[in-house]
Every structure is written in C-alpha cells, then in structure tokens.
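Rule-based calculations on the coordinates, nothing more; no lab input. Only a predicted model underlies this, so the values are computations on that prediction, with no experimental measurement involved. Methodologically, a virtual Cβ is constructed for each residue, glycine included, from the backbone with ideal geometry; neighbour enumeration extends over all protein chains shown.
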Amino acid sequence: MGRLLTITASGQTGVGTRKRTLTGVGVKVGPVTVHLVLIVACTCLGLFYLVQSNRVSTANLKLKEQEAQKAQIVEQNERLSTESARLQSIQQIKKSAEEQKLTGSGKAAYAG
C-alpha cells in the first residue's frame, strides 16, 4: 500500500525516484556541543553575577552617602537648636529686665 502524501528531503515527488522522508533528519549532539553549551551557560551565569554584585555595591555606596548626609544634617540640627535656645534665653533675659524695670545703680556709696 502506498502513501498518499510523501514529503521528501530532496523535494522530488516524481515516479521512479527514490524518496526518503524527513523523519531521519534530526539534531545530533556530541561532546563538543555539550562543552560549548556549558561554556555559554557558565558565561551567562558569570555575567549575571557580575551585574548583580555591581548593583549591590552601587546601592551600598549610595546608602553610605545618604547616611553621611543624614549625620551631617543631624549635627547641623543640634547646632541650630543650641543656637536657638541661646538666642531665646537672651531675649527672655531682656524681657524680664524690662518687666522688672531694672536700672543701673549709678554710683555706689560705701560705708566705711
């Protein structure tokens, strides 16, 4: 019994020519191909590792810069709050002196 549809590797479908179907065509994997695939896979994994470690180190550097900036701002805030307290105390002293109407004593007389 013959086949109704034959797809050949050579493309010839005429009567009297030998026909071979495409079922025999396949991919052959040898030791060289396996080594090449392993080398490519290791290279890809190495590149992935380098990219990730670079991202982590960049993020760590940014974090250190922000921590230094935070420490500087906290120090400046403490300095400014101390300056504010000092200025407020001077204003309070002036205000209390005006309220009590303190005046200078002028010349002091000493009993002696």
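Summing Cβ point charges (Lys, Arg +1; Asp, Glu -1) relative to the Cα centre of the stretch 31-96 gives a dipole of roughly 340 debye. Counted over the stretch 31-96 with a bin width of 10 Å, the fraction of Cα pairs per bin, in whole percents, is 17, 18, 15, 14, 12, 9, 7, 5, 3, 1. For the stretch 65-79, the residues whose backbone nitrogen is under 17 Å from a point 7 Å from the Cα of Ser89, taken along Cα to Cβ, are 78-79.
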